[in-house]
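Student: Shown below is the structure under consideration.
The values are calculated or read from the model by the stated rules, or taken from the named source; none is laboratory data. Fair warning: this is a prediction, and the values are worked out from it, not measured in the lab. All Cβ positions, even for glycine, are placed from backbone atoms using ideal geometry, and neighbour counts span all protein chains on display.
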């Protein structure tokens, strides 16, 4: 049986599944029930200074659903905890005392003043918490007060606050990064320069979910008006994976521990985040959608998958996919594929033909000998795999790699076995010769 135990910055937990700082971690009642369900740790909902913030008393969430009513994305306009600081600190102390084997990290957000950070850090230390997460990600409400993403979008501020915190606490310091920025590598580098022990990402994406066309106001509406909020859920997973990969393969931040966040709903999602370098993963929307017991499926699924792959601990595969992430210019231009349609699985819906005919390369038939028949025209197929992605039948359409020596019917060119990329291509005005060509820089896990 695979060992799911994690040691993240010296913070031990029985599995890598933590609840993210959010409504599910706002009080002891929730956190205890989460631990009873099997969660390995929590990041306590963001604490601030007293007097506590005031949340709206109306709708706080907006949603996007798929055709089957499955939740795809969730938007929220809720602020940090509105419970008194003293109450939160007392409950953190009690829960950590009763659950010493579980990870408890406390999310913090206070004004960008050293005295404020020093004061709250000392109080959190007294609870026995395992670490702190500096919330530099919230895109709404708090950012207007000079906190949250207002700090996270300025690398100099990140470095400054991280340095303050590292100088004034024994606890590991995790910096939570905002995705509302052009290049996430810069804030990650700043966090590392400031001495942060790790980063966590992504926080929510600034968004408006939709417009109520009767009220003519965005939703959710509060007395006829609305505000932008933070977007999360399964739809943000690709954005999170990309930003995590960028940090993992950046020469300045390679090896920086990462706690992954963003649309994690299943064990497979978690494994993907971990393969790109995350030592733990944080979950929110899935718990809010399905309840705390969803972690049981995550634990069982990850354990079974690890057993099937021969991984005995999570450290065996954390970061293994990082060296496979590259820039477009280094992709092999001598790699040629064609789509193939399994006629036994094909239900003749025609979606592949319509998509290819209207929007791609007119490479799929719809009639053969006067009969409805869908088949790939190799002379036109560029191997884009759009048809694979829109086909409603799993594995009905697959991609076939043409072997070296074969002739590509579309170009008439013999497929080469040698690796060649855009830096070498004759159409590139800045191309180099094969003798000059140097392999792409590869950052290995742990460097």
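Condition check ((1) out of contact with any helix residue (DSSP H, G or I) (no Cβ under 7 Å at 6 or more places or on another chain); (2) over 28 Å from residue 393 (Cα atoms); (3) modelled with pLDDT of 95 or more; (4) loosely packed, with under 14 Cβ neighbours inside 10 Å) across all residues:
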{"residue": "302", "(1), (2), (3), (4)": "no, no, yes, no"}
{"residue": "317", "(1), (2), (3), (4)": "no, yes, yes, no"}
{"residue": "320", "(1), (2), (3), (4)": "no, yes, yes, no"}
{"residue": "327", "(1), (2), (3), (4)": "yes, yes, yes, yes"}
{"residue": "336", "(1), (2), (3), (4)": "yes, no, yes, no"}
{"residue": "339", "(1), (2), (3), (4)": "no, no, yes, no"}
{"residue": "343", "(1), (2), (3), (4)": "yes, no, yes, yes"}
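Student: Among (1) touching a residue at least 12 places away in the same chain (Cβ under 8 Å); (2) within 19 Å of the chain's Cα centre (by Cα), where does residue 242 come up short?
Tutor: Failing condition for residue 242: (1).
Student: Can you name the number of the only condition in (1) touching a residue at least 60 places away in the same chain (Cβ under 8 Å); (2) touching a helix residue (DSSP H, G or I) at 6+ places or on another chain (Cβ under 7 Å) that residue 109 fails?
Tutor: Residue 109 satisfies all of (1) touching a residue at least 60 places away in the same chain (Cβ under 8 Å); (2) touching a helix residue (DSSP H, G or I) at 6+ places or on another chain (Cβ under 7 Å) except (2).
Student: Here's a follow-up. If residue 158 satisfies every condition in (1) without any contact (Cβ under 8 Å) to a residue 40 or more places away in the chain; (2) at positive phi; (3) in contact with a strand residue (DSSP E or B) (Cβ under 8 Å, 6 or more places away or on another chain) but one, which is the exception?
Tutor: Unmet for residue 158, out of (1) without any contact (Cβ under 8 Å) to a residue 40 or more places away in the chain; (2) at positive phi; (3) in contact with a strand residue (DSSP E or B) (Cβ under 8 Å, 6 or more places away or on another chain): (2).
Student: Which residue, of 417, 431, is part of a loop (DSSP other than H, G, I, E, B) and at pLDDT 95 or above?
Tutor: Numbers: 431 fails: at pLDDT 95 or above.
Answer to the check: 417.
Student: Only residues that are in contact with a strand residue (DSSP E or B) (Cβ under 9 Å, 6 or more places away or on another chain) and either more than 21 Å from residue 138 (Cα to Cα) or surrounded by fewer than 20 Cβ atoms within 10 Å (Cβ to Cβ) (or both): list them for the stretch 74-88, please. Full working, then the answer.
Tutor: Initially, the stretch 74-88 is screened for residues in contact with a strand residue (DSSP E or B) (Cβ under 9 Å, 6 or more places away or on another chain), giving 74-81, 83, 85, 88.
Passing the criteria: 83, 85.
Student: Restricting to the stretch 197-225, what's the tally of residues that are assigned to a loop (DSSP other than H, G, I, E, B) and either free of Cβ contacts under 8 Å to residues at least 24 places away in the same chain or under 20 Å from residue 263 (Cα atoms) (or both)? If you could, list the steps in order and put the result at the bottom.
Tutor: Applying the first criterion (assigned to a loop (DSSP other than H, G, I, E, B)) to the stretch 197-225 yields 197, 202-204, 208-210, 213-216, 219-221, 223-224.
Restricting the remaining residues to those that are either free of Cβ contacts under 8 Å to residues at least 24 places away in the same chain or under 20 Å from residue 263 (Cα atoms) (or both) gives 202-204, 208-210, 213-216, 224.
Total meeting the criteria: 11.
Student: Now for a separate question. Working only within the stretch 314-330, note down all residues that are in contact (Cβ under 8 Å) with a residue 60 or more places away in the chain and part of a helix (DSSP H, G or I).
Tutor: 314, 322, 323, 328, 329, 330, listed by residue number.
Student: Further question on the same structure: Anything in the stretch 49-58 that is touching a strand residue (DSSP E or B) at 6+ places or on another chain (Cβ under 8 Å) and under 30 Å from residue 119 (Cα atoms)? List them, or say none. First the steps, then the outcome.
Tutor: To start, the set of residues in the stretch 49-58 that are touching a strand residue (DSSP E or B) at 6+ places or on another chain (Cβ under 8 Å) comprises 56, 58.
Within the stretch 49-58, 56 is the sole residue that qualifies.
Student: Please work out which residue is surrounded by the fewest Cβ atoms within 10 Å (Cβ to Cβ), limiting yourself to the stretch 35-66 and to residues that are over 26 Å from the mean Cα position of the chain (by Cα) and within 14 Å of residue 142 (Cβ to Cβ).
Tutor: Checked the stretch 35-66; the qualifying residue surrounded by the fewest Cβ atoms within 10 Å (Cβ to Cβ) is 54.
Student: On to the next question. If we scan the stretch 76-84, do we find a residue that is within 29 Å of residue 13 (Cβ to Cβ), in the same structural domain as residue 107 (by TED's automatic domain parsing) and not in a loop (DSSP other than H, G, I, E, B)? It would help to see each step written out before you state the result.
Tutor: Of the stretch 76-84, the ones within 29 Å of residue 13 (Cβ to Cβ) are 76, 78-84.
Next, from what is left, pick out any that are in the same structural domain as residue 107 (by TED's automatic domain parsing): 76, 78-84.
Applying the additional criterion that residues be not in a loop (DSSP other than H, G, I, E, B) yields 76.
So far as the stretch 76-84 goes, yes, one or more of its residues are within 29 Å of residue 13 (Cβ to Cβ), in the same structural domain as residue 107 (by TED's automatic domain parsing) and not in a loop (DSSP other than H, G, I, E, B).
Student: Tell me, please, whether a residue that is under 28 Å from residue 59 (Cα atoms) and touching a residue at least 24 places away in the same chain (Cβ under 8 Å) can be found in the stretch 248-258. Even if it seems obvious, please write down each step before you answer.
Tutor: Within the stretch 248-258, the first condition is being under 28 Å from residue 59 (Cα atoms), and the residues that meet it are none.
For the stretch 248-258, residues under 28 Å from residue 59 (Cα atoms) and touching a residue at least 24 places away in the same chain (Cβ under 8 Å): absent.
Student: For the stretch 288-313, which positions are in a helix (DSSP H, G or I) and in contact with a strand residue (DSSP E or B) (Cβ under 6 Å, 6 or more places away or on another chain)?
Tutor: Taking the stretch 288-313 as the starting set, the residues that turn out to be in a helix (DSSP H, G or I) are 288-290, 294-309.
Residues satisfying the conditions are 289, 295, 298.
Student: Within the stretch 189-198, is even one residue assigned by TED's automatic domain parsing to the domain that holds residue 80, surrounded by fewer than 21 Cβ atoms within 10 Å (Cβ to Cβ), modelled with pLDDT of 95 or more and over 22 Å from the mean Cα position of the chain (by Cα)?
Tutor: Within the stretch 189-198, one or more residues are assigned by TED's automatic domain parsing to the domain that holds residue 80, surrounded by fewer than 21 Cβ atoms within 10 Å (Cβ to Cβ), modelled with pLDDT of 95 or more and over 22 Å from the mean Cα position of the chain (by Cα).
Student: In the stretch 199-215, which residues are modelled with pLDDT of 95 or more and farther than 16 Å from residue 252 by Cα?
Tutor: 200, 201, 202
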